[in-house]
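Working notes for the structure below.
Just so you know, all these numbers are worked out from the coordinates, no wet-lab data involved. Not measured: the values here are computed from a predicted model. Neighbour counts are summed over all protein chains in view; Cβ atoms, including those assigned to glycine, are modelled from backbone coordinates with ideal geometry.
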Amino acid sequence: MPALVLLGAQWGDEGKGKATDLLGGSVDYVVRYQGGNNAGHTVVVGDQKYALHLLPSGILSPGCTPVIGNGVVVDPSVLLSELSGLNARGVDTSKLLISGNAHIITPYNVTVDKVTERFLGKRKIGTTGRGIGPTYADKINRVGIRVQDLYDESILTQKVEAALDVKNQMLTKLYNRRAIAVEQVVEELLEYADKLRPYVADTVLVLNQALEDDKVVLFEGGQGTLLDIDHGTYPFVTSSNPTAGGACTGAGVGPTKISRVIGILKAYTTRVGSGPFPTELFDADGEALRRIGGERGVTTGRDRRCGWFDAVIARYATRVNGLTDFFLTKLDVLTGWDEIPVCVAYEIDGRRVEELPYSQTDFHHAKPVYEYLPGWSEDITKAKSFSDLPKNAQNYVKALEEMSGAPISAIGVGPGRDETIEINSFL
Ligand code: GDP
Ligand code: IMO
Ligand code: MG
């Protein structure tokens, strides 16, 4: 039975939440495998709109077990308030499972995220300020706090002491901030322990047993391919692996188990925070994409940078993730343009380049080479099948598919669950 990975093919905010929710009714488990509450996944069900940050989008499908895998970083206060917010709206969250090996975003990780960004000034990454980078840094430095540590006060105290040893020197001597008291952090973390206990589980065992029992498991990525710490536009990236391989390490499932990898691809491009973005628009078209597409961050409320579709990036996403399918989202937003530019290659220092350059300097110099595809003006939000789309919209989709290297198996024509054209079934 299938284990599917669903991930962002661009710089995040492609519509992963909607796509996951669409499949939620047909899968047994939805698993977050990396990132944390830097994610903002919007799901629209009927007239209800949900903004999920840490919880897998499967939480909204009653038959589905949501799982927070070992590769995720968990801010307990955010998690608990997300749970109580959903409970207040009548959503049952009791099935949630959290890996005991997931790392905790502590209050000092959030502080360090904010002060280091301020210190970087013009060179800042534009992080979400949620403590993501410092928490993963602690994990790699082997001074991280894991969910299981909440259940052993003595170990927890020793670990917080070790983590704060160097950080307090840095905060006081370099950043001119007050030192953080070990006891205060331990006390706060212990308050979360009992509330989280019912959810903590050996999620690696649970997921592997589920796969043995022919259950369907969907791994839901946060962020996107170009924000990947290894494969993204480093250093303007997040600190985890949203790419497909991250699902294996971040959930403890072997690559032989993964049967399908679906890339969520917006019909144009957006990015939040700093870093290169070849097709970015600074004109009325960029403003129109932002307005029509509602391109404002779910997590930080920042305006998203907007630009035309970039096929070089889509091809790259196909390659580094081994994509089997694309889910093209927000096609409806492009209604109304006479012609739609699509970036088919880059020009870098006078040369035409077809693939994403591995050199950061080259990527910063990349200028888009555009092809212009004819637009359409008909409302497409009611389209139920590919043939319902106007000819020019069909041709736009076919052209993107040809350039991007994997079949487009679904098309989003609106934010709602049913505003989707399914071409090939995912299950
Ligand atoms: P995610 O982080 O990848 O889950 O994406 P976000 O939720 O941050 O941003 C995607 C936005 O686009 C959300 O507001 C969705 O409700 C919306 N959306 C998703 N698919 C479509 C679509 O096909 N058409 C339109 N108009 N909106 C969509
Ligand atoms: P979803 O899951 C878009 C960006 C931040 C910043 C960089 C590093 O909703 O697609 P971080 O706080 O992770 O250290 O910030 O990554 N970023 C996102 N951009 N969508 C996201 O998540 C993002 N999560 C992080 O803006 O540029
Ligand atoms: Mg988002």
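Brief remarks follow.
- Paramagnetic label zone (point 7 Å from Cα along Cα-to-C-beta, E422; backbone N under 20 Å) in segment 1-36: 1-7, 15-31
- Think of segment 1-141 as having a plus end and a minus end, set by charges on the Cβ of Lys, Arg, Asp and Glu; of V30, L54, T65, L54 sits farthest toward the positive end of this dipole.
- When the chymotrypsin sites (Phe, Trp or Tyr not before Pro) in segment 233-330 are filtered for DSSP coil states and for at most 10 other beta-carbon atoms within 10 Å of their beta-carbon, the remaining sites are F282.
- The chain: proportion of alpha-carbon pairs further apart than 32 angstrom, %: 36
- Per-residue [θ]222 nm for the chain (sum of -39500 (n - 2.57) over DSSP H runs n ≥ 4, rounded to 500): -9500 deg cm²/dmol
- What the phi angles of segment 209-218 give under the Karplus curve with 6.51, -1.76 and 1.60, with θ = phi - 60°, is a coupling list of 5, 4, 5, 4, 8, 6, 7, 9, 10, 10 Hz, glycine and proline written as x.
- Counting only lysines at least 8 places from K257 when in the same chain, those with an alpha carbon closer than 25 Å to its own are K16, K18, K95, K215.
- Other-chain or far-sequence residues with amide H under 5 Å of Q34's (modelled H): G222
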